[in-house]
1. Just in the chain: which chymotrypsin sites (Phe, Trp or Tyr not before Pro) are loop by DSSP and have at most 11 other Cβ atoms within 10 Å?
2. Obtain the nm distance between the two label points defined at Arg48 and Ser25 by a simple spin-label model: each point lies 7 Å from its Cα along the Cα-to-C-beta direction.
3. Between Asn18 and Ser32, what is the spin-label point distance in nm, taking each point 7 Å from the Cα along the Cα→C-beta axis?
4. If Lys and Arg each add +1 and Asp and Glu each add -1, what is the summed charge of the other residues whose beta carbon sits under 14 Å from the beta carbon of Leu61?
5. Where only protein heavy atoms count, and the probe is 1.4 Å, what is the accessible area per residue for the chain in Å²?
6. So I have [x] 21, 55, 23, 0; [y] 26, 64, 10; [z] 23, 56, 19, 2, and one of them is P(r) over Cα pairs in 10 Å bins from 0, in percent calculated from this model. Which one is it?
7. For the chain, which whole-number percentage of the solvent-accessible area (1.4 Å probe, protein heavy atoms only) is attributable to carbon and sulfur atoms?
8. Compute the FRET efficiency between Val57 and Thr4 as 1/(1 + (r/R0)^6), taking r as their Cβ-Cβ distance and R0 = 25 Å, and round to the nearest 0.05.
Amino acid sequence: MYETGKLAQVTAEMIRYNLHIFGISESRWIGSGRYRTNTGEKLLYSGRDNDQHYEGVAVILRNG
């Protein structure tokens, strides 16, 4: 999900398949935290702390 547009692509697929919880491995984001998308989904992520964009996990939660 480190590439531009990947998060939007994943959230669009969540909506298409009517999924409310989505787990992702190899998210490739650094650090850890939370993020809210433009369409309202909440992303919780955890990755490496050494600025290397590999490994990592994330969970996306949809409202409603």
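The values are calculated or read from the model by the stated rules, or taken from the named source; none is laboratory data. Note that the coordinates shown come from a computational prediction; the quantities given were computed from them, not determined experimentally. Positions of Cβ are backbone-derived with ideal geometry, glycine not excepted, and every protein chain shown enters the neighbour counts. With ligands, DNA and RNA removed, areas are computed over all heavy atoms of the protein, side chains included. Shrake-Rupley method; radii C 1.70, N 1.55, O 1.52, S 1.80 Å.
1. Hits after loop and neighbour filter: Tyr17, Tyr54.
2. 1.7
3. Reported label-point gap for Asn18 and Ser32 is 3.5 nm.
4. On the way: positive: Arg34, Arg36, Lys42, Arg62; negative: Glu41.
Neighbour charge sum, excluding Leu61 itself: +3.
5. Roughly 70 Å² per residue, with all protein chains present.
6. After the calculation, the listed value that fits is [z].
7. 49
8. Numbers: r = 20 Å, r/R0 = 0.81.
With R0 = 25 Å, the Cβ-Cβ based efficiency is 0.80.
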